[in-house]
Every structure is written in structure tokens, then in C-alpha cells.
Amino acid sequence: MSKTPTNSEDQKKSNKGRKNLVILVLMFLLLITLFIVQCHLSDIKENALQKQNATQDSLAHLRSLEDSLQQLEKLRLADSLLADSLLADSIRRADSTRIADSLSALHTKDSQKQKVQTNAQDSAASKKDTIVVPSRPNDSIPPEASIVPPPGRYYEPIKLKVKCDEIKCATYFSVNDTTHAIEASQGVDYNKTGDVFFRAQDSAGNFSPWQMGHYDMASDNVCGKNAYPVPVHGKTICVDAYEYPNEADAITKDMVSHEQATRLCEQAGKRLCAIDEWQAACHGKDNLKYSYGNSYNQTKCNTNTKAAKRSGRKEQCRSWYGMYDMNGNMWEWTATLSKERNNLYLVAGGAWDTNNDSSCGESKFSFYPQNQYNFVGFRCCKNAQ
């Protein structure tokens, strides 16, 4: 009976010892595990620190490189500024030297020129010469000369003047031939029928070729003031010299319908010109394409501008018989109906912007007679008594 309890206690002690041993083993394993984890965490932390240090080292290296580049750029800029300054100084010194040399050369040239001019004046003092001393020896282009009033028929004495397209010119004209040339820039009174020759000489000594114009000084004007006779199909027609109101330097009448133009001519004791009368006055005795010649010249008449001019302002835009502004300035109503459109009247001569489409034969039938246009005027005619 007494032996059984002893075995039971021993068994309990044995079980307790095994439990303690297991616990100890588990704790030991746990400690080992914690140690391993701790070591691993330390490794991770160390690696992170190493990476951080490496990154900081890279950033520091980049900053160092950036600072170096900035220093290099500053040095390069300073070198460039220094070079520019040296170059500017060199250029200024060179310019100063060149200007001084130029002034010296000019002074020498002026002195020589004064000597030459003095010698020329001394040698020419005893001569009466109309030749201009050349001032531009390299200019070989002759000037262009024109004569006003232009060739044609006149009923009163005129003052002839030769014009030049350059600023400094000497101009000449000669009657009947070229052997009696006289200076004509100031105007010369003229009242003879015949040929007149004219030319110009520029400041470089270049002469334009002799040109010829024929003047017919008549005394049989049967048409009265500012109107001149024109032969048309065996009749003599008096054609106004200017666009209505037929006064020199007057503002031409525009914004007038065909009916109004007809009425204004009738009030003046005249009538609207027919197309053949108008064209005969423009063509002149030599049947020219333009009132001034057979080739278009935009300087002669008002054909290349933006508005009409006062009557007769373009003094070279005159036909042989004495009519002004028949090429350009304003289209002009006529009394002739169009063959293409028998309810429309012809207009003739072109306007201020028609350029070479302003010949004596130019006509249109596209303007409505009841309308008023700011580029259409008219002139009047009548049969000679």
C-alpha cells in the first residue's frame, strides 16, 4: 500500500521536469530566433545607412560638379568680356586711325580740288562758254529733255521753256536747225511757225539728243475763248480746250449724269461732243495714238494717280489742236450711243487710274446714263460759225 504513492510522485516529478525542459528549449529557441532576427535587422539597417551615405555622397559629388561648371562659366564669361573689350578697343583705335586718315585725305583732296577749280576759273575767265564743268565724271547717262508748251497750234504768242529731268541742267533750243542754240531754262518768247529743236545738258557734261517739235502760230480762231477749231469730216467743230467748266486750273465737273451734262452744254450755247469729234480733237493732225505721241508716257497726262487734277495742270497733256486732259483725268460723256448697247452712251479717254488704257481711241459703253460717277466728266462742242 505504501509503494504506490511514491511511484506517482516520481512520475509527476518526471513529467514536470520534461515540461521545464521543453520550456527551456523553447525559450532557448526563441532567444536564438530573436538573435537571428536582430542580426538580420541590423544588416538591413546597415545596408540602408550605406545606401543613404552613398546617395548623399553622389549628391555632394553632383553639387561639386555644378559648382565647378559655374566657376568655369564665370571664367569663360570673364574671358569673353575681356576679349570683347580688347576687340572694341582695337576697333576704336582702328576707326580713329581710319577717320584721321580720311580727314587727312579729304583735306588733301579739297586742297587739290580748290587748286584745280582756281586754275579752271582762271583759264575760263576770258572765255564765254556754256558747257557746265563736270562734277560727276562717272555719270555717262544723258538727261531727258522736254519742251513746254508742247508742240501744236497756238493763236497767241507763247513762252517756250525747255525742262530737264535732273536738278542741275542747262537747257537749249534752236529755231529751224541746231546751229543757233540759245539757253532756254528761263523761257523764251516765241511767235513763229516752224520747227524748234531742243536738248539738255546735265552737270556731268552729258547732252541729251536734239529733239524737234513743230509749232503752228495761227490767227484764225473762230471759236472764241478756250475753244479751238478741229476739222471733222469736212466741217469745222469748235471743241472746248478743257473739261467742263472749260476754265484753266478749274475743278472739273464730276457726279453728273448724261442728261445733266447735255443740259449744261446747252446752257452754255453748245452741245455734248460726239465721239468722232472728240477723237479727232485728241488725235490731232498726225492722228497720234495719244494726244502727245504714239507711245504711252505716264508723266505726260494724269493716268496713274488716285484722283482727278485741276484742268490743264498737266501742261504736256495737250493735243495738237489745243485740248487738254483728253487722255486720263476723267472719262468724258459723249453724245454717241453705243452700237453694242443702243441705250448706253459712249465715254472716252480714260480716267486718272487707267494708265495706258487712256488712248484717244479708248471708249466704254458700260456706264448707265442716269447714274453719276466721280470719275466721269464731259466737255462741250459746237459747230463753227
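None of the figures in this text is laboratory data; all of them are computed from the coordinates on show. All values derive from a computational prediction rather than experimental measurement. Please note: Cβ atoms are built from the backbone with ideal geometry, for glycine as well, and neighbour counts cover all protein chains shown.
Numerical summary
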| quantity | calculated |
| --- | --- |
| Residue exposure sequence - T179, T171, T299 - by fewest surrounding Cβ within 10 Å | T179, T299, T171 |
| Estimated FRET transfer efficiency (Q186, K225; beta-carbon r; R0 30 Å; 0.05) | 0.60 |
| Segment 145-217: Rg to Rh, with Rh as the Kirkwood radius over Cα pairs | 0.96 |
| Calculated from backbone phi, Karplus (6.51, -1.76, 1.60) coupling profile of segment 274-287 in Hz, x at Gly/Pro | 6, 5, 6, 5, 4, 5, 4, 5, 6, 5, x, 5, 9, 6 |
| Amide H contacts of T252 (H built 1.01 Å from N, under 5 Å, at least 5 apart or other chain) | S311 |
| Distance from segment 154-181 to segment 226-254 (C-alpha centre basis), Å | 27 Å |
| Per-residue HN-Hα couplings for segment 188-199 [Karplus 6.51, -1.76, 1.60; θ = phi - 60°; Hz; x = Gly/Pro] | 10, 5, 9, 7, 10, 8, x, 8, 10, 9, 8, 7 |
| Relative contact order of segment 220-385, pairs being alpha-carbon contacts under 8 Å that are 6 or more residues apart, as % | 31 percent |
| Fraction of antiparallel bridges per DSSP, segment 306-385 only, in percent to nearest 5 | 65 percent |
| Calculated FRET value between K235 and K306, using beta carbons and R₀ = 45 Å, to 0.05 | 0.70 |
| Residue order, fewest to most beta carbons within 10 Å, for D43, D216, D254 | D43, D216, D254 |
| Simple spin-label estimate for K339 and E46 in nanometres, 7 Å along Cα-Cβ | 12.1 nm |
| Mean Cα-pair separation over length for segment 145-217, i.e. relative contact order, pairs under 8 Å, 6 or more apart, % | 35 percent |
| Cβ-based exposure ranking for K270, K19, in which fewest neighbours within 10 Å come first | K19, K270 |
| Estimated translational D of segment 220-385 in µm²/s (Stokes, Kirkwood radius over Cα pairs; 37 °C; 0.692 mPa s) | 215 µm²/s |
| Relative contact order, percent, segment 290-385 [alpha-carbon distance under 8 Å, six or more residues apart] | 28 percent |
| Förster radius 41 Å - calculated FRET efficiency between S140 and D357, Cβ distance, rounded to 0.05 | 0.70 |
| Sequence-distant residues sharing a close amide H with V188 (under 5 Å, placed H) | L160, K161 |
